[in-house]
Amino acid sequence: MPAIDVLAQLKQHFADNSLHKLQTVQSLWSGYGDISRYISPRLNTTFIVKHISPPIEHAHPKGWNTQTSHQRKLQSYQVEANFYRDYASLCDDHCVVPKLLAAFSENQQQILVLQDLDQAGFSLRKDQTGMADVKLGIKWLAYFHARFLQQDNCDLWPVGTYWHLATRQDEFEVMQAGQLKDAAQTLDTALNHARFQTLVHGDAKLANFCFSDNNGANRLAAVDFQYVGKGVGVKDLAYFLGASLNQDDLFKHEQHLLDEYFLHLKNALYHYQINVDFMPLQQEWRMLYPLAWADFYRFLLGWSPGHYKINAYMHRQTDIALAILDNRLEAK
């Protein structure tokens with residue numbers, strides 16, 4: 001499969017023969033392409049180009065180089081293009097995402113040309129955070145979830161997140177037998193059939209957030225929308241907290257951070273003028289919070305059972321989730 005001539009496409013689209021590549025920012029997961037920064041001297045601007053070019057032979061870091069994994073990745077890049085085209089413009093300064101400037105596709109290859117968030121004032125990346133940074137991430141998620149609450153979408157994932165059960169049957173099959181494996185389908189159903197649904201980012205880890213150059217600005221931007229789709233907001237919240245905090249901080253700050261999320265969610269619903277009864281929403285999502293943890297734990301036990309994110313807090317939330325499911329069965 002011949003590669004798309006990215007530079008030629010960009011020169012033609014932006015009518016700038018002096019346009020050129022500045023740097024490769026990073027390679028995509030499993031060798032599926034790269035992300036690069038280009039500059040247009042005529043427009044005096046830089047932009048980010050995400051070039052998806054699937055490899056002939058698939059090489060997964062964890063060994064999951066199956067046809068199922070390949071098709072999931074291809075669909076994820078199409079979903080991301082759909083999000084940037086149809087939904088990104090609905091996000092505001094409370095949940096910043098890059099603007100889509102152009103898109104090209106040919107066979108299985110895609111090019112997404114996106115606003116350069118570095119140039120837009122979000123040049124900081126962090127691999128460790130303080131509590132103030134965690135709270136910024138919580139606020140971003142709350143406003144994003146409020147913005148898309150109870151809205152229909154047909155061109156994104158029907159169930160958001162990269163770990164949901166329907167797309168992770170290979171990992172489920174190798175998962176050791178036990179109570180969590182037995183409850184996996186019930187967990188999945190409880191999350192997917194919740195009354196209040198929104199769009200979830202689906203991979204809300206620290207690496208996918210860009211922090212403002214101005215530390216006093218209290219603004220944050222997010223990237224990488226390959227697994228955006230329908231879900232309950234606490235799926236993102238649980239994943240983000242697990243990616244940002246150690247088990248001691250999770251135990252210590254759990255209630256405070258949950259309260260922080262729901263306070264921002266309430267304010268965001270008012271900001272976007274979303275007409276919803278907040279109390280039942282909060283009650284449902286608080287109850288589903290441990291189920292979201294258990295659902296991610298189910299994935300990790302099949303995908304990478306020695307993963308560093310598995311800790312005592314995750315075990316505790318899973319125990320709570322399984323108890324909730326047991327109580328539901330007894331109540332029937």
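The values are calculated or read from the model by the stated rules, or taken from the named source; none is laboratory data. Nothing here was measured: the structure is a model prediction, and the numbers come from that model. Cβ sites come from the backbone with ideal geometry, for glycine too, and all protein chains shown count toward neighbours.
All told, L101 falls short of being at pLDDT 95 or above, over 25 Å from L258 (Cβ atoms), touching a strand residue (DSSP E or B) at 6+ places or on another chain (Cβ under 8 Å) and outside the structural domain of K11 (by TED's automatic domain parsing).
If I filter the stretch 137-155 for residues that are in contact with a Gly (Cβ under 8 Å, 6 or more places away or on another chain), without any contact (Cβ under 8 Å) to a residue 60 or more places away in the chain and under 19 Å from Y261 (Cα atoms), do I get at least one hit? No: zero hits. Counting just the residues of the stretch 99-131 that are out of contact with any Asp or Glu (no Cβ under 6 Å at 6 or more places or on another chain) and hydroxyl-bearing (S, T, Y), which one comes out farthest from Y87 (Cα to Cα)? Here the residue is T129. Screening W163 against (1) within 28 Å of D326 (Cα to Cα); (2) without any contact (Cβ under 8 Å) to a residue 60 or more places away in the chain; (3) not aliphatic (A, V, I, L, M) leaves a single unmet condition, (2). Look through H307, H315 and report the one residue that is part of a helix (DSSP H, G or I) and free of Cβ contacts under 8 Å to residues at least 60 places away in the same chain. The unique qualifying residue is H315. Looking across L288, L281, one residue alone is within 18 Å of Y239 (Cα to Cα) and of a type outside the set (K, R). It is L288. Residue count for the stretch 229-264 under the criterion of being within 16 Å of A142 (Cβ to Cβ) and within 18 Å of the chain's Cα centre (by Cα): the result is 13. Against the test of being buried (at least 20 other Cβ atoms within 10 Å of the Cβ) and not acidic (D, E), the options A166, A177, A146 yield a single qualifying residue, A146. Of all residues being free of Cβ contacts under 8 Å to residues at least 60 places away in the same chain and over 15 Å from A222 (Cβ atoms) in the stretch 90-106, which is surrounded by the fewest Cβ atoms within 10 Å (Cβ to Cβ)? Just the residue, please. Taking the candidates together, the pick is S105.
Apart from one condition, L141 fits all of (1) surrounded by fewer than 18 Cβ atoms within 10 Å (Cβ to Cβ); (2) modelled with pLDDT of 95 or more; the exception is (1).
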